[in-house]
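Following: one structure in structure tokens, then a few remarks.
No lab work stands behind these numbers, since they all come straight from the coordinates. A quick note: this is a predicted structure, and the numbers were derived from the prediction, not measured. Here the Cβ positions follow ideal geometry from the backbone for every residue, glycine too, while neighbour counts run over all protein chains shown.
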Amino acid sequence: MKFKLPISVFIMALGLSLTVLAQSKNTSGASTLPKPRPVESTQEWKPHVGLLGGISTPDGSGNSSGAFGIDVGYQYYIPFSLGAEYIHSDVDNGATTDSRDSLMVKGSYNFGGENAFLSKTYAAVALGVVFTPDGTAVAAAPILGFDYPLKDGEKSKDYFSVGASTRYTFVGNNETDTFSLLGAVKYWY
């Protein structure tokens with residue numbers, strides 16, 4: 001079986017993230033895996049809207065192309081988030097290039113702790129539909145990503161963040177699966 005670069009990168013990223021899960025506490029005592037609890041204040045809801053942009057690589061012999069979209073979401077129960085994404089891309093399956101629009105619901109687990117980078121990372125699963133010229137297909141995608149806040153000052157609220165995510169989208173109806181690497185700019189309310 002031939003291993004493709006996108007699948008190899010995703011498996012490597014997933015393997016590296018498992019070392020994060022194995023660590024229960026860092027040196028200061030704050031857990032990387034926060035204890036689930038209800039949201040207690042409006043700031044903990046963390047609603048956001050964001051713009052996504054990057055590349056999408058089809059599984060097979062096609063060429064990579066640009067992808068862009070919109071992401072919205074909120075944290076309904078710490079450390080879990082719920083959101084939705086719309087992403088548009090062109091998919092080259094080696095024979096033809098078709099436009100593809102996906103609309104997915106995303107459930108995320110937000111890591112915590114005091115590590116500056118790990119506390120801003122998340123793992124997610126997205127489920128939804130993909131619209132192609134040939135019809136509609138169901139899709140699922142495991143996602144790994146991060147959102148790093150941009151601070152205006154030490155005591156100011158973090159309204160904007162920059163980040164990135166990687167995903168492998170499994171698409172039904174014999175449509176081409178894709179690997180995507182997307183950058184994100186988000187506004188947090």
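For N63, the shell of other residues with beta-carbons less than 10 Å away shows a net charge of -2, using +1 for Lys and Arg and -1 for Asp and Glu.
Looking at the range 103-189, the trypsin sites (Lys or Arg not before Pro) that sit in a DSSP loop and have at most 14 other Cβ atoms within 10 Å of their own Cβ are K151, K155, K157.
Among the GluC sites (Glu not before Pro) in the range 96-189, those placed in a DSSP loop whose Cβ has at most 14 other Cβ atoms within 10 Å are E114, E154.
Ranked highest first by average number of other Cβ atoms within 10 Å, how do 40-48, 55-63 line up? Provide the component values of the computation, followed by the final result.
On the way: 40-48: 12.9, 55-63: 17.7.
The packing order, highest mean first, is 55-63, 40-48.
What the phi angles of the range 99-106 give under the Karplus curve with 6.51, -1.76 and 1.60, with θ = phi - 60°, is a coupling list of 6, 9, 10, 10, 10, 9, 9, 10 Hz, glycine and proline written as x. Backbone geometry of the range 116-122 corresponds, through the Karplus equation with coefficients 6.51, -1.76 and 1.60 at θ = phi - 60°, to 3J(HN,Hα) couplings of 4, 8, 4, 6, 10, 9, 8 Hz, x marking Gly and Pro. Listed values for the range 55-66 are Karplus-derived 3J(HN,Hα) couplings in whole Hz (6.51 cos²θ - 1.76 cosθ + 1.60, θ = phi - 60°), namely 10, 10, 10, x, 6, x, 9, x, 9, 5, 9, x, and x replaces Gly and Pro. When the chymotrypsin sites (Phe, Trp or Tyr not before Pro) in the range 125-186 are filtered for DSSP coil states and for at most 14 other beta-carbon atoms within 10 Å of their beta-carbon, the remaining sites are Y159. Computed over Cα pairs, the Kirkwood radius of the range 33-188 leads via Stokes-Einstein (0.890 mPa s, 25 °C) to a diffusion coefficient of 150 µm² per second.
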